[in-house]
1. For an R0 of 45 angstrom, estimate the FRET efficiency from the Cβ-Cβ distance between residue 434 and residue 142 and round to the nearest 0.05.
2. Which order results if 65, 276, 215, 202 are arranged by neighbouring Cβ count within 10 Å, fewest first?
3. Round to a whole angstrom and tell me the spacing of the C-alpha centers of the stretch 181-210 and the stretch 224-263.
4. Order of 236, 282, 1 from fewest to most other C-beta atoms within 10 Å?
5. Grab the beta carbon distance between residue 61 and residue 129, set R0 = 25 Å, and tell me the FRET efficiency rounded to 0.05.
6. Taking all pairs of distinct Cα atoms, average 1/r, flip it, and tell me the Kirkwood hydrodynamic radius of the stretch 32-180 in Å to one decimal place.
7. At 25 °C and 0.890 mPa s, grab the translational diffusion coefficient of the stretch 338-450 from Stokes-Einstein with a Kirkwood Rh over Cα pairs, rounded to a whole number in µm² per second.
8. Distance from a point 7 Å along Cα→Cβ of residue 282 to each backbone N in the stretch 25-46: keep the residues under 17 Å and list them by number.
Ligand code: DSN
């Protein structure tokens, strides 16, 4: 490659990915076929419009690609309509608003701090700026570390009846348990709202039969294609039979919202890669993959619980684990775990926990998951190893905190002191010899499980 700068960065990223353990639950490794298709000649084409109705010529192959992708999506998820053009999850969700609501209409979704997504109506998102949003949270005054449905359906119903939303979202980015789509549908039906299920996180599990499907209950389903579904970055919007019954024009409205409502030319290379990912998800091996993701998540959860960590929902029923670090490190300390684990070659993200005692800027939890490492072939033995290493890293942070004095508590520091303390932590922790040792252990194991 002539561009030495980018070439070097690609090599460094390849090394980082190969030598590390990837636990960000929304990430995965696309197959080499999917990656190859992304750089195919389809990258060069413009094709505004839909199959057989394009604004430019030369789309005879693109048309076939898009038709194949649509048909595979419909078959895999058992729906009568699919649009495969959204550039990614956020524009897909915005298209749903455009198709079902007018600016200023009331919409309802799960609060970001309770595990929801920005595009489900958060006030900094366009969805919260152009629409009147009502946000529901999780149950309060319960033992959130016990396995139980954490949604407060009475409260959600009350909010829906009071505010009469046009659109209700179900789906999250940080919820470790299965969704009861039926209960959300009952509420949406009672107030005449569209129910949109954002299955971005669990789409691969649904496709592989390891999570219930919202198809009988929701009117609209959105999903990214690069998380558990293991495709390229991208998204799809589907309409169910129930959705078409509520509004026979819903598919057309979704199409118009995506193009020309929000987007220009679809990324045809991405559409082709989505088609390949859907083909892969239709194979019987994908069922095994989906089941193994959940199994791995449960094993990893148990190791963390046995090591003294408190997990939201008492463990995991899907691909995702949300751990509360307050009892181990105090409130606001997710950032230290993320940083130290990064140095140890384990990637995950800091995250708010339900009833967050600190703040979204300094969340008290970490979010991790198993889709990526399951793709690399890891199973029970490796999950136990990774869980043990995570606990060791957390212990290193705990010891570091103890060295700051017996009354030290990060969350008691002033705003300025917090920033200074993080800088000091960054400088000190990078020299920690135990972390360096863990990183080499992680690398040794990671290299045994190649990236596709
Ligand atoms: N960024 C995604 C996630 O990590 O869950 C959501 O958009």
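Only the coordinates and a few stated rules stand behind these numbers; no lab work does. What you see is a predicted model, and the numbers here were worked out from it, not measured in a lab. Note that we place each Cβ from the backbone using ideal geometry, even for glycine, and neighbour counts take in every protein chain shown.
1. Once the sixth-power term is evaluated, E becomes 0.75.
2. Least crowded to most crowded, the residues run 215, 276, 65, 202.
3. 14
4. So the ranking, lowest neighbour count to highest, is 1, 282, 236.
5. That pair, residue 61 with residue 129, gives E of 0.05.
6. Taking every pair of different Cα atoms in the stretch 32-180, averaging 1/r and inverting gives 18.2 Å.
7. Once the numbers are plugged in, D ends up at 157 µm²/s.
8. Those under the cut-off are 34.
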